[in-house]
Amino acid sequence: MTKREMKVPFGTVSITDSSKEMVKEILETKRLSSGKYVNLFEERFARLMGVKEAVAVSSGTDADILALAVLHDYGAKRDDEIIVPALSFVSTGHAVIHAGFRPVFVDVCRDTLNIDPSLIEDAITDKTRAIMPVHLMGKPAPMDAVNKIAKKHGLYVIEDAAEAHGGAYKGKPLGTLSDMGAFSLYVAHIITTAEGGIVVTDNEEFAEILRSLRSHGRACKCKECTINTSSAYCKKRFGGGMGDDIRFIFERIGYSSKMNEIEAAIGLGNMEIYDQIVAKRRSNLVYALDHFTPFKPFLKTITEEAGEKIGPHAIPIIIQEGASFSRNDLAGYLEENGIETRTIFSSMPTQCDGFSYLGYKPGQFPVAEYIGKNGLHVGVHQDLGIEEMDYVLATIKAFLEACQR
Ligand SMILES: Cc1ncc(COP(=O)(O)O)c(C=O)c1O
């Protein structure tokens, strides 16, 4: 067995000097709540993704929730259905419920970890309003198939792109291949604001609704708020019916989900070094995936197919059926040797108790359940390099050799 030689933490955070300066200014001027830096962050994120609009919120989960909640403005009713993959971080399913809908789960493909498009049509009913594919582990979900099915049945598509920064499909960034894309900006992600999320879209009306939703469903939803950015008098403010204050007219059921200035300042710094972060992570990920073949009988990962660019979130590892060891054996060994691991989540409907009221039964999602028991992932972040990737690969090799003895 190898000895603990190195530390390979799962994630990291890059904080630039420019972020520190902005945070200092924010604290000194006491302008903490969503204002000019959040605006700037949205503008730059939209430009980075090549879309018209980006609306920052307080978490990736809220990005999912608010994107779904937009559908209430387009005729969706409480308890209508949203199709989601059975395997994801639990917040994909939670988001559907918190947006006032019912999640309808579909199994995933073992090779891609993503929603199995051949199972989607069977899950569509009169109540279905949208499909929410997830680009799990940055691997592009089957967007051509999903969009085709959605078009045929008149459904919206919202991508859960929480783990998909830096990924692309046929040259377009993941998260921009549908009606809306919802990103997480949590610490382990490629652009972080510490906590945070952002929804991108080319639809300006969706963006207005999102701005209203994140602020209690208010009637005021300008792209740049005069009051928040410069404390100036807002000419539109008393433009409600009878001259009412539109800040206190509530047009829809909303949320309290704004991003604050300190978070935006961290994100703006991250965006300045985005290309470097993505390049470093991609180089780590591609190197690890390229060297995975010898582990194939026991361990499987994902591969990059033609037209795809995997968002470099992490290295997924699925223990194969013939292995003589469990996930805990492998994860325990890696952790003992300084390599942090995470599971690849769970089958939400059958392995997460909160969803039991929906009545799904174990065995209904065999692939998601298998990965839910046998999947883990390891970091590829920007503070790691090829040396650490070699260490991860050597540690896995030593573990497999010890298991075969
Ligand atoms: C697939 C997926 N969706 C949603 C989220 C929620 O993001 P957050 O933790 O920022 O709420 C995550 C979290 O990482 C995620 O992995």
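The values are calculated or read from the model by the stated rules, or taken from the named source; none is laboratory data. Note that the coordinates shown come from a computational prediction; the quantities given were computed from them, not determined experimentally. A quick note on method: Cβ atoms are made from the backbone with ideal geometry, for glycine too, and the neighbour counts reach across all protein chains shown.
Hey, can you tell me all the residues within the stretch 110-141 that are more than 16 Å from the ligand (Cβ to nearest atom), over 23 Å from His94 (Cβ atoms) and in a loop (DSSP other than H, G, I, E, B)? Arg110, Asp111, Asp126, listed by residue number.
Quick check on the stretch 46-60: of everything there that is assigned to a helix (DSSP H, G or I) and surrounded by fewer than 24 Cβ atoms within 10 Å (Cβ to Cβ), which residue is farthest from the ligand (Cβ to nearest atom)? Step by step, filter the stretch 46-60, then rank; the result is Arg47.
Screening the stretch 330-355 for residues that are assigned to a strand (DSSP E or B) and within 15 Å of Ile315 (Cβ to Cβ) and picking the one that is farthest from the chain's Cα centre (by Cα) gives Ile339.
For first residues located in the stretch 184-197 and closer than 11 Å to Asn270 by Cα, partners that are among the aromatic types (Phe, Trp, Tyr) and more than 7 Å from the ligand (Cβ to nearest atom) and lie 6+ apart or on another chain with Cβ distances below 7 Å form the pairs Ile191/Tyr274. When you scan the stretch 66-74, do you find a residue that is crowded, with 24+ Cβ neighbours inside 10 Å, assigned by TED's automatic domain parsing to the domain that holds Arg102 and of a type in the set (Ser, Thr, Tyr), even just one? No: zero hits.
Residues in the stretch 80-100 that are under 26 Å from Gly363 (Cβ atoms) and surrounded by fewer than 24 Cβ atoms within 10 Å (Cβ to Cβ) were compared, and the one that is farthest from the ligand (Cβ to nearest atom) is Glu81.
Screening Cys403 against (1) out of contact with any Gly (no Cβ under 9 Å at 6 or more places or on another chain); (2) in a helix (DSSP H, G or I); (3) of a type outside the set (Lys, Arg); (4) modelled with pLDDT of 95 or more leaves a single unmet condition, (4). Can you confirm whether Thr229 is crowded, with 24+ Cβ neighbours inside 10 Å, more than 16 Å from the ligand (Cβ to nearest atom), farther than 14 Å from Gly60 by Cα and assigned by TED's automatic domain parsing to the domain that holds Pro133? Considered against the rule, which asks whether it is crowded, with 24+ Cβ neighbours inside 10 Å, more than 16 Å from the ligand (Cβ to nearest atom), farther than 14 Å from Gly60 by Cα and assigned by TED's automatic domain parsing to the domain that holds Pro133, Thr229 comes out as no. Considered as a group, the residues in the stretch 170-207 that are within 16 Å of the ligand (Cβ to nearest atom) and either outside the structural domain of Ser91 (by TED's automatic domain parsing) or among the β-branched types (Val, Ile, Thr) (or both) include one that is surrounded by the most Cβ atoms within 10 Å (Cβ to Cβ), and that residue is Val199.
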